[in-house]
Amino acid sequence: MSIDRRTVVKAIATGGALIGASVLMPRIALAAWSKEAFEAKEQTAAMNALFGSDGVEESAEVNLKAPDIAENGAVVPVTVTSSMSGVESMSIFIEGNPSPLAAEFMIPAGTKADVSTRVRMGKTTKVTAVVKANGKLYSAAKEVKVTIGGCGG
């Protein structure tokens, strides 16, 4: 079952029906969740589980915003945007974390490809944003220095 933008807007308008549906029918809320990718211990394995490939092309159209230095690795702000057309999903990988796939966002057709979140980082490592657009994978990466670890550090 697939939830599109119109369904989400309709659910919000009816007073939280989407939240109720996710409690009563968890398959709807977790339909696109890739357990294998989120449980992978290496970034290459996580990418293979999520996309069927770890081959990504670096692109200037993928913008990754993260601090150069994160004073607290428990709450590192990350924003990913893209001006590409046909964006299907945006994912954030933290290479040195015990589980490198930190987040995956499905982007409904016709919406702006712009996501923000906070991630945990256990140590200084590379953060990679992967955008799937028109069936192809594009990325941008940045090393973030962590001064206080967030994953048990």
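The slack in the chain from residue 57 to residue 79, taken as 0.36 nm per residue of separation less the alpha-carbon distance, amounts to 6.0 nm. Applying 1/(1 + (r/R0)^6) with r as the Cβ-Cβ distance of residue 147 and residue 38 and R0 = 25 angstrom yields a FRET efficiency of 0.40.
Across the range 56-72, rounded Karplus estimates of 3J(HN,Hα) from the backbone phi angles (6.51 cos²θ - 1.76 cosθ + 1.60, θ = phi - 60°) give 10, 9, 5, 9, 6, 8, 9, 10, 10, 10, 8, x, 5, 10, 9, 5, 9 Hz, Gly and Pro being marked x. Per-residue 3J(HN,Hα) values for the range 41-46, derived from phi via the Karplus relation 6.51 cos²θ - 1.76 cosθ + 1.60 with θ = phi - 60°, read 9, 10, 4, 4, 5, 5 Hz in sequence order (x marks Gly and Pro). Could you list, in their original order, any pairs among 35/145; 41/123; 65/112; 35/65; 65/136; 41/145 whose Cα atoms are separated by more than 24 Å? The answer is 35/145; 35/65. Residues whose amide H falls under 5 Å from that of residue 88, counting only those 5 or more places apart or on a different chain, are 132, 133, 134, with hydrogens built in the peptide plane.
For residue 123, the residues 5 or more places off, or on other chains, whose built amide H falls under 5 Å of its own are 150. In order along the range 135-140, the Karplus-derived 3J(HN,Hα) couplings, from 6.51 cos²θ - 1.76 cosθ + 1.60 at θ = phi - 60°, round to x, 10, 10, 10, 9, 8 Hz, and Gly and Pro are given as x.
Taking a ≥ b ≥ c as the square roots of the eigenvalues of the alpha-carbon gyration tensor, the range 35-146 is classed oblate because a/c is 1.5 or more while a/b is no larger than b/c.
Computed from the coordinates by the stated procedures, all read-outs in this text should not be read as laboratory data. What you see is a predicted model; the values in this text were computed from it and never measured. Quick reminder, even Gly has a Cβ in these numbers, built from the backbone with ideal geometry, and neighbours come from all protein chains shown.
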